[in-house]
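I have placed the structure first, in the form of structure tokens, so that the comments after it can refer back to it.
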Amino acid sequence: MQSAVFRSLLFLFPREFRARFADEISDYIALQYNAAQPAGRWATARVSVPICADLLIAAVKFRVSTLSVSRVALRTATTAAGLGAGIICLAIVLVLFEATVRSPLLAATEYGASELDVVIRLCALGAVLVGLSAWYTSLLPRPQKRR
Amino acid sequence: MIPSPVLYILVSLADEDRHGYAIMQDIRERTNGRVVLGPGGLYTSLQRALRAGYIRELPLRSADQDARGRRAYRLTPEGRKAAQRELARLDNVIRMARRGNLTPATDREW
């Protein structure tokens with residue numbers, strides 16, 4: 001009965017934690033419980049109740065700490081991805097705008113520049129913008145990896 | 001700052017490799033029963049210490065099989081440094097407390 005209660009309390013912990021420590025925790029509880037059992041029910045209860053409370057409190061604390069870490073990681077990752085994607089989109093828009101609507105570079109052909117030269121300049125502009133966005137994204141803090 | 005249960009674990013592992021239950025017993029003995037880590041607190045703290053790289057798990061050997069598959073843990077050099085830093089910080093706090101006449105009575109010192 002008690003072992004079923006302890007086992008069910010272990011399910012409050014994350015799966016990864018259970019996979020790693022459930023056997024050891026069960027072993028720990030069994031040692032405590034078996035040591036108290038010969039002294040009677042009262043002694044057993046004096047061991048069981050603190051263990052249950054400890055498991056419950058530890059599980060809640062652990063869940064909360066894990067939750068806050070993953071939230072920070074998620075927020076950082078989303079911010080980095082959003083800003084990086086935004087800068088890349090801006091770069092693409094600028095390049096397209098340059099190539100189609102305003103086209104001062106294309107207008108250069110009127111002043112004697114070859115079309116190949118214009119294409120090379122556009123590619124260089126695009127590369128600079130993509131490089132800048134990649135550099136900016138690399139400056140952002142990375143989400144912490146869970147070991 | 002290192003949480004107290006993690007610091008107790010690091011201190012317990014300073015002189016010898018121990019498995020979870022032995023760490024709990026050692027801490028209880030060293031503190032004369034004043035600090036008792038329950039299974040939840042002990043293993044979540046072990047997990048924290050493992051993640052922080054303060055301790056590492058020793059591979060199971062055949063000699064350990066009689067220990068019911070329990071894993072032993074060893075203090076890493078990083079863990080030793082972190083514990084020393086934290087203890088130095090606590091030592092400074094104690095010195096400040098002494099200057100302010102806040103030192104605990106000798107029989108209650110752990």
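The values are calculated or read from the model by the stated rules, or taken from the named source; none is laboratory data. What you see is a predicted model, and the numbers here were worked out from it, not measured in a lab. All Cβ positions, even for glycine, are placed from backbone atoms using ideal geometry, and neighbour counts span all protein chains on display. We work out accessible area using only protein heavy atoms, side chains counted, and drop any ligands, DNA or RNA first. Shrake-Rupley method; radii C 1.70, N 1.55, O 1.52, S 1.80 Å.
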*Report the accessible area of B:R74, computed with a 1.4 Å probe over the heavy atoms of all protein chains in place, in Å² rounded to the nearest 10.*
90
*Where does each of A:Y28, A:Y136 land when they are ordered by accessible area, with a 1.4 Å probe and the largest first?*
A:Y136, A:Y28
*Just by accessible area at a 1.4 angstrom probe, what is the order of B:M96, B:M24, B:M1 from largest to smallest?*
B:M1, B:M96, B:M24
*Label point at A:C123 placed 7 Å out along Cα→Cβ; residues across the stretch A:80-94 whose backbone nitrogen lies under 20 Å*: A:91-94
*Solvent-accessible area of B:V93 with every protein chain in place, 1.4 Å probe, in Å² to the nearest 10*: 70
*Report, as an integer, the average count of C-beta atoms from other chains found within 10 Å of each Cβ along A:51-63.*
4
*Taking every residue in B:31-44, how many Cβ atoms of other protein chains lie within 10 Å of its Cβ, on average?*
6
*Across peptide A:25-32, what mean number of C-beta atoms from other chains lies inside 10 Å of a residue's C-beta?*
5
*Total Å² of accessible surface buried at the A-B contact, 1.4 Å probe, nearest 100?*
2100
*Would you mind counting up the charge near A:R18? Only other residues with Cβ under 12 Å from its Cβ, with Lys and Arg at +1 and Asp and Glu at -1.*
0
